[in-house]
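The values are calculated or read from the model by the stated rules, or taken from the named source; none is laboratory data. Given the structure is predicted, the values throughout are model-derived calculations rather than measurements. All Cβ positions, glycine included, derive from the backbone under ideal geometry; neighbour counts span all protein chains shown. Surface accessibility is based on the protein's heavy atoms, side chains included, excluding ligands, DNA and RNA. Shrake-Rupley method; radii C 1.70, N 1.55, O 1.52, S 1.80 Å.
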Amino acid sequence: MNKKIHFKIIITLLSFFVLFPSTHSFAQEDNRFEISKNLDVYNAIIKELEMFYVDSVDVEKNVRTGIDAMLKGLDPYTEYIPEQQMDDFKFLTTGEYGGIGAYIRKRDEGVVITEPFEGMPAELAGLKAGDLILAIDDINVEKENDSRVSELLKGVPNTKLVLKIQRPGETKPRTFELVRKQILVDQVTWYGVRGDGAGYIHLKGFTDKSTQEVKNAFLDLKNNHQIKSIILDLRSNGGGLLESAVQIVNMFVPKGTEVVSTKGKLSQWDRTYRTSSEPIDTIMPLAVLINGESASAAEIVAGALQDMDRAVIIGQRSFGKGLVQVPRELPYNNTLKVTISKYYIPSGRCIQQIDYSHRSADGKATAIPDSLTTVFYTQNGRPVRDGGGIRPDFEVEKKDMPTLLYYIMFDNITFDFATGWAQKHKTIPAVEEFEISDEDFEAFKAYAKEKNFTYDKQSEKMLANLEEVAAFEGYLQSDSTIFNELRTKLQPDLDRDFERFKEEIKGILSAEIIKRYYYQKGELIYTLKEDAALEKAIEVLSDPEIIRQTLSNPESAEEKTVKITPVSGRKRTNIG
């Protein structure tokens, strides 16, 4: 090309960029203008309402409503945290707080202690599950919610407080004087040996202390119990610190291995996390247990170890949270926890299941269908998919909870019966030996009837809806016999259904009673007695050939499925 012509083209292009700046710059300026304009409008509305609205305006409440509504349109993990809730937020990352050490829950009659922590002030002072909190120091809390009661129970370690409680079955309230202390909630609920030399570690969260707890448990199992394999149970683990997940993966893979990377709007915040220490063991067979409540950091651990073909994953598909949040400081000691990026595990996949950027006509975010997910490959060439969480190598089907069991737990029938039962029994046998008797089961059934326990069946409700539609369309004019027969079969029958689900009811009742004597550790040990996912893990880890085939190229792998797991139920709790 002629040099003069080439020079003219360059000059023309430079002139264009000078006279017409990039569309990106225009977009940034427009966006800043929109932000400034809308903030001015918002401030003006608040001032106008405060000055002229016919009734008094609670400015703080209205602003909070506006903030929550704005963030609701994003994702459920981006949230505003006012100063008074920062202790709860810090607890999620440290597992520590100043208080008496107990879980509490709001009920119709007030706020009740549901579980004192072993060795903490509440338990040492003699407080029991089922105690109704009436007053804290001189403050009556009978009509307060659990958040307010939790706030009053917490405080600076070594400060005193006086609790007034009403114990079930007693006529007069009791008074307890306690001294708050720094409460540290262990993240490793329990560890031990299962089956023929399989080490087991249950981790319930990822705080800044989780790594050391898992490391201590693993070293004890490896050095003092001569285990042959290890099972890391991350079921119902909602996650926590990303760095903690990387450090736990580090125990089982070589130094310098990429575990996870994050990518967001600001490229300068993108990071790649690699293992930074020498591992403890890169050879011992490893299984990770997950379920639908395993999320975030738990999915990073399971997914990274799966992508590296270092562990066999067993259970149900995980939750599918592939987003990363960081706290951002706001004025007046408030905080915004904001989603800044997505994370990608070693195969390159992001396991985020819900697409919050595209919503249906009614405003609901929808899950990414499996048909639109993409195939990635593990280190050994096994196919894995993005979107929809971590899919296990061995799927253990979860048994749905019958309606009856859900309602006896939701209505506190099992909790209240266990409270009364524990008041009559000072001790019980070891966890492995305990089971409620048939006499206790009959007493529980009588207790439920005495409390006028009722429950609804979804099938009965759906039948009523179907019958209404059939009547509207004229199908019942000639014959309604089939609906009458179905209604009879679906009618709740307490005696019949208690017998039908006798073993399941005895199981959840036994677990609730055991927790009164052996706390969460005892409850976990009891539920592991009949745990299909754990049994499958022990079976797989005991057979080197199954492990080899599972983690090798799929051309030589076999189909792997197993069904049935025990049920479990959860309720919202708070801490104090």
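Relative to the dominant Cα principal axis of the chain, helix 59-72 is inclined by about 70°.
Accessible area per residue, 1.4 Å probe, Å², for the chain: what's the number? Please list the in-between numbers first.
Numbers: 32110 Å² over 576 residues.
Heavy-atom SASA per residue in the chain reads 56 Å².
Multiplying the residue separation of ALA125 and ASP30 by 0.36 nm and removing their Cα-Cα distance gives an extension gain of 28.0 nm. Comparing Cα centroids, the stretch 368-391 and the stretch 221-297 end up 19 angstrom apart.
For the stretch 55-98 versus the stretch 502-543, the inter-centroid distance based on Cα atoms is 36 Å.
Axis of helix 23-52 versus longest Cα principal axis of the chain: the two differ by about 50°, to the nearest ten degrees. Quick check: from the Cα gyration tensor, does the stretch 148-272 come out rounded (a/c under 1.5), prolate or oblate? Oblate, because a/c is 1.5 or more while a/b does not exceed b/c.
Placing a pseudo-label 7 Å from each Cα along the Cα-to-Cβ vector at LEU49 and GLN182 gives an inter-label distance of 4.3 nm.
Assuming a ≥ b ≥ c are the square roots of the Cα gyration tensor eigenvalues, decide whether the stretch 275-393 counts as rounded (a/c under 1.5), prolate (otherwise, with a/b larger than b/c) or oblate. The partial results should precede the final answer.
On the way: a/c = 2.30, a/b = 1.33, b/c = 1.73.
Oblate is the answer for the stretch 275-393, as a/c is 1.5 or above yet b/c matches or exceeds a/b.
Using 0.36 nm per residue and subtracting the Cα-Cα separation, the extra length available between LEU92 and LEU74 on full extension is 4.3 nm.
Computing Rg/Rh (Cα atoms, Kirkwood Rh) for the structure here picks out one of (i) 0.95; (ii) 0.99; (iii) 1.03, namely (iii).
Could you list, in their original order, any pairs among LYS265/LYS321; LYS106/LYS215; LYS364/LYS398; LYS204/LYS506 whose Cα atoms are separated by more than 28 Å? Before the final figure, lay out each step's value.
Details: LYS265/LYS321 18 Å; LYS106/LYS215 36 Å; LYS364/LYS398 26 Å; LYS204/LYS506 25 Å.
Where the Cα-Cα span goes over 28 Å, the pairs concerned are LYS106/LYS215.
Taking 0.36 nm per residue of separation and subtracting the Cα-Cα distance, full extension of the segment from ASP40 to LYS255 would add 72.2 nm.
Each residue was assigned an accessible area with a 1.4 Å probe, and for ASP88 the value is about 60 Å².
Only protein heavy atoms count here; on that basis, with a 1.4 Å probe, THR93 has an accessible area of about 40 Å².
What is the sum of charges, Lys and Arg at +1 and Asp and Glu at -1, for the other residues whose Cβ falls under 12 Å from the Cβ of THR374?
Values: positive: ARG349, ARG385; negative: ASP370, ASP386.
Charge balance near THR374 sits at 0.
What the Cβ-Cβ distance of SER437 and ALA361 gives, at R0 = 56 Å and to the nearest 0.05, is a FRET efficiency of 0.50. Could you calculate the FRET efficiency of GLU450 with ASN553 from 1/(1 + (r/R0)^6), where r is the beta carbon distance between them and R0 is 51 Å, rounded to 0.05? With a Förster radius of 51 Å, E is 0.25.
Against the criterion of solvent-accessible heavy-atom surface with a 1.4 angstrom probe, LYS451, LYS215 sort, most first, into LYS451, LYS215. Here is the P(r) of the stretch 237-292: all C-alpha pair distances, binned every 5 Å from 0, give 4, 17, 21, 22, 19, 11, 4, 2 in whole percents. With the helix formula -39500 (n - 2.57) applied to DSSP H stretches of n ≥ 4, the chain reaches a computed 222 nm mean residue ellipticity of -12500 deg cm²/dmol. Surface composition of the chain: carbon plus sulfur atoms contribute 53% of the solvent-accessible area (1.4 Å probe, protein chains only, all chains present). Each residue was assigned an accessible area with a 1.4 Å probe, and for ARG274 the value is about 130 Å².
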